[in-house]
Amino acid sequence: MIRIITAANRESHSTEIAEMHALRKKVFHDLLKWDVSVKGDWEIDHYDAANPVYVLSYSPEGRLRGSLRLLPTLGPNMLDDTFPILLGDEPEIRSASVWESSRFCIEPEISQDRASNQVTVAAAELMCGVGELCLASDISHIVTVTDVFLERMFRRMGCPGERIGEPRKIGSVFAVAVGWEIDTQMLAGMKAIASIDGRVLEDVSALGRARAA
C-alpha cells in the first residue's frame, strides 16, 4: 500500500512523517554513513522545507517499509542545486512536467533479509506509486541522483531509465543521474515483474492533493 503525503494533508500525518524521517536516519546516516543532516532521530534537510510530496510504502500489517521524496524541478532540487556535476554537459532540468525523486530508502531489516523478496516488493511498490501519481498528475518524467547499485535494481524492476551524465565518485559511492519517461507501458511492466495487481495508491483523492502541492 502506498500513502501520499503532501502539504495539503501533512498535519494529519505527523506520525507517518516522523517514522519516515527516522527511517531515513537509520538508512542514510546509521547504515550507509552518508554525510547527511541529522536532528535527533531524524534525517532531514532543507529540501524537506521545499514543499515535497512523500511516497510511503506500507506492509499489509501497516508497517513502514520504504519511502521516497518528490520535488518539482522548477523549485529547489538535489540534481540541479547540489549535484549539478552529474548533469555532465547537459543543461539544468527545469520543467513543470519533470519532477525529482530523492531519499529512496528501504527498511534495513527488510533489505538485509536475503531470503525474502520483501525488498523487491517494497521497492517496486514505491516506483509503481510514483508511476500512478505521475500519470494522474501530468508529470511526464522523473529524474534522480542514485548510485550504480540502485541503478541496476531499477533496471531489474522494469524501469531502466537513461543516464543523463556519466557516473562520478561522490564520497564512497559512484553516483549517477538517471531520468525516466513515465508511461502506461512502463507502469504495467513494473507491476507485471513485481506481480502487483491493481492500483497501489491508498487514496485516489491524494492525486488531486499532489497536483496542488
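The values are calculated or read from the model by the stated rules, or taken from the named source; none is laboratory data. Small disclaimer: the values here were computed from a predicted structure and weren't measured. Positions of Cβ are generated from backbone atoms using ideal geometry, with glycine treated the same way; all protein chains shown enter the neighbour counts.
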Hey, can you tell me all the residues within the range 2-58 that are modelled with pLDDT of 95 or more, β-branched (Val, Ile, Thr), within 22 Å of residue 131 (Cα to Cα) and outside any strand (DSSP E or B)?
-> 17
Is at least one residue of the range 134-154 exposed (fewer than 15 other Cβ atoms within 10 Å of the Cβ), touching a residue at least 24 places away in the same chain (Cβ under 8 Å) and small (Gly, Ala, Ser)?
-> no
Evaluate the range 86-101: report whether one residue or more is farther than 17 Å from residue 150 by Cβ, buried (at least 19 other Cβ atoms within 10 Å of the Cβ), out of contact with any Gly (no Cβ under 9 Å at 6 or more places or on another chain) and not aliphatic (A, V, I, L, M).
-> yes
So, first residue touching a residue at least 60 places away in the same chain (Cβ under 8 Å) and of a type in the set (Lys, Arg) in the range 184-203, second residue exposed (fewer than 13 other Cβ atoms within 10 Å of the Cβ) and assigned to a loop (DSSP other than H, G, I, E, B), Cβ within less than 9 Å, six or more apart or across chains; the pairs are 191/197; 191/198
Could you list, in sequence order, all residues of the range 103-158 that are modelled with pLDDT of 90 or more and of a type in the set (Val, Ile, Thr)?
-> 106, 130, 139, 142, 143, 144, 145, 146, 148
Go through (1) among the acidic types (Asp, Glu); (2) under 20 Å from residue 64 (Cα atoms); (3) surrounded by fewer than 20 Cβ atoms within 10 Å (Cβ to Cβ) one by one and return the number of the condition residue 162 breaks.
-> (2)
For residue 65, indicate whether it is charged (D, E, K, R), closer than 22 Å to residue 163 by Cα and either in contact with a Ser or Thr (Cβ under 6 Å, 6 or more places away or on another chain) or part of a loop (DSSP other than H, G, I, E, B) (or both).
-> no
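Kindly indicate whether any position in the range 48-56 is of a type in the set (Phe, Trp, Tyr) and surrounded by fewer than 20 Cβ atoms within 10 Å (Cβ to Cβ).
The initial filter retains those residues of the range 48-56 that are of a type in the set (Phe, Trp, Tyr), namely 54.
When the remaining residues are screened for being surrounded by fewer than 20 Cβ atoms within 10 Å (Cβ to Cβ), the result is none.
For the range 48-56, residues of a type in the set (Phe, Trp, Tyr) and surrounded by fewer than 20 Cβ atoms within 10 Å (Cβ to Cβ): absent.
Please state which one of 26, 39, 33 is free of Cβ contacts under 8 Å to residues at least 60 places away in the same chain and either basic (Lys, Arg) or surrounded by 22 or more Cβ atoms within 10 Å (Cβ to Cβ) (or both).
Matching residue, one of 26, 39, 33: 39.
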Within the range 161-197, can you find the residues that are under 26 Å from residue 89 (Cβ atoms) and outside any strand (DSSP E or B)?
-> 161, 164, 165, 166, 167, 171, 172, 182
Flag if residue 181 is of a type outside the set (A, V, I, L, M, F, W, C) and farther than 26 Å from residue 3 by Cα = no
